[in-house]
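Novice: Before anything else, here's the structure in question.
The values are calculated or read from the model by the stated rules, or taken from the named source; none is laboratory data. Predicted model, so just to flag it, every value in this text is computed and none were measured. Note: ideal-geometry Cβ built from the backbone for every residue, glycine included; neighbour counts use all protein chains shown. For the accessible areas, the whole protein counts, side chains as well, though only heavy atoms, and no ligand, DNA or RNA atoms are used. Shrake-Rupley method; radii C 1.70, N 1.55, O 1.52, S 1.80 Å.
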Amino acid sequence: MTMANDEGNSTKSFHGLRVLDFSTTIAGPHCTRMLADMGAEVIKIETVEGETMRTRPPLRNNFSTVFGQLNVGKKSLVLDLKSPDAIKIVRRLVASADILVENFRPGVMRRLKLDYGSLRELNPKLIYCSISGYGQTGPSAELPAYAPVIHAASGYDMAHLSYQPGRSRPDYCGIYHADVVTGAYAFGAISAALYQRHGSQRGQHIDVSMLESMLSLTLNELQWSQFEVTKPKRPMFGPLETADGYVMVAVASEKTFQNLVKAAGHPEWITDARFAKYADRRDNWEDLMNSIESWSRMLTTEKCLAELNGHGVPCSAYRTVAEALNDPQIAHRGALSEVSDGGGTFKVLNLPFRMSGTNVSAGKHIATLGEHTVAFLRETGLSEDEIAAFSGKSLMAERH
């Protein structure tokens, strides 16, 4: 079940906008996938070899679902940006574009004469978004950066380690938070620039830093780095052991604390001098949670969750992603869309919000490499002979 359709629901918010997408891997493509989901025409510009994510598993018939998840709903244009003729094609397309997104290392687009300073003369309304590891200027600007490097550079990995008692070696976080959060910030900045353009009739350059995006996730730690704060020996949000697993319990308010100790059968702890006040409770957190765990270990995970939910305590079992996707809530929200590529069909996650007057959903098709190249070359005014000469063997194979 999804949000009820309104009269305006057939039109997406960004319908009619054109995006030139020079981005690769995750952060930029995540941003432009969001723009595509909201109705923008996203033209993904790739090399003849195709973007590197096209080879990432899982592969079916050499089609990557990871690539598809990031690029569904976009169009594919193959250009060799080392060719002056290709740069001319891009400049012609810029005239009709609303947004350009790129995540090359700072300086690359300037060398190609495709930087904001060069293109805004062709299209003063162009919103040009640059995503990079550290920002477009400064002492670190030209350093290479991928999400795991930014995780380490931002302090995120060491902050995470501080919540793992007894651990001294930093973890490798294979879930690339830096890419996803940076892409989301870029999407938000582009949306803000579009709103501003309504009044000013002018575009602007957006400079998004992965480092700063990642730092925004360390809200508490950012303050703790400036002031003396003693953290509890045991993390205040963490797993409770049960007879057959673990549950996460979040004791985030006085009411939650009171409900938790009632669920554990110890309402007297509400007035216990060790726990009654937040400051004392924080100092004695390890004692409190060890005592709670003496209760939870006697129950199965299912029974423990029933007791906690029955008392209004925020909690969850530790689930796999597959288990989470099978949650009836996901089906109720219509959170997954079925899409297709040359390898068949699979499911992708829709954007995590619904709008009463707008259709918010993923496209249905992942473009093959260069699928729309001929159409865009024609749009820029090239003749059939020029298209054949320009595109070469790889494109001629695509046409047939």
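Novice: Are there any pairs with C-beta distances below 7 angstrom linking a residue in the range 215-235 that is touching a residue at least 24 places away in the same chain (Cβ under 8 Å) to a residue that is of a type in the set (D, E, K, R), with the two at least 6 apart or on different chains, and if so which?
Specialist: Here the result reads P232/R282; P232/E286; K233/E286; R234/E286, each pair linking the range 215-235 to a residue that is of a type in the set (D, E, K, R).
Novice: OK, next. Identify all residues within the range 325-357 that are open to solvent by 60 Å² or more (accessible area, probe 1.4 Å) and over 22 Å from N71 (Cβ atoms); write none if there are none.
Specialist: Residues satisfying the conditions are N326, P328, Q329, A331, H332, R333, M355, S356.
Novice: Quick check on the range 207-219. Is at least one of its residues more than 19 Å from G28 (Cβ to Cβ), exposed (fewer than 15 other Cβ atoms within 10 Å of the Cβ), over 18 Å from the mean Cα position of the chain (by Cα) and at pLDDT 95 or above?
Specialist: Looking through the range 207-219, none of the residues is more than 19 Å from G28 (Cβ to Cβ), exposed (fewer than 15 other Cβ atoms within 10 Å of the Cβ), over 18 Å from the mean Cα position of the chain (by Cα) and at pLDDT 95 or above.
Novice: Going through the range 2-30 one residue at a time, which ones are part of a loop (DSSP other than H, G, I, E, B), open to solvent by 70 Å² or more (accessible area, probe 1.4 Å) and modelled with pLDDT under 95? Write out each step before concluding.
Specialist: We begin by selecting, within the range 2-30, every residue part of a loop (DSSP other than H, G, I, E, B); these are 2-6, 11-17, 22-26.
Now restrict to residues that are open to solvent by 70 Å² or more (accessible area, probe 1.4 Å): 2-6, 11, 15.
Residues satisfying the conditions are T2, M3, A4, N5, D6, T11.
Novice: Return the residue satisfying two criteria in turn: it lies in the range 94-127 and is in contact (Cβ under 8 Å) with a residue 40 or more places away in the chain and surrounded by fewer than 21 Cβ atoms within 10 Å (Cβ to Cβ), and of such residues it is nearest to A141 (Cα to Cα).
Specialist: That would be F104.
Novice: Are any residues in the range 171-190 surrounded by 14 or more Cβ atoms within 10 Å (Cβ to Cβ) and more than 11 Å from C31 (Cα to Cα), and if so, which ones?
Specialist: The answer is C173, Y176, H177, A178.
Novice: Do any helices (runs of 4 or more DSSP H) entirely within the range 205-313 hold 1 or more residues that are among the acidic types (D, E) and touching an Asp or Glu at 6+ places or on another chain (Cβ under 8 Å), and if so, which? So that I can check it myself, show each step before the final result.
Specialist: Values: elements: 210-215, 219-224, 254-263, 278-283, 285-296, 301-310.
By residue number, 285-296.
Novice: Follow-up. Does at least one position in the range 60-78 carry a residue that is free of Cβ contacts under 8 Å to residues at least 40 places away in the same chain, out of contact with any Cys (no Cβ under 7 Å at 6 or more places or on another chain), open to solvent by 60 Å² or more (accessible area, probe 1.4 Å) and not in a strand (DSSP E or B)?
Specialist: no
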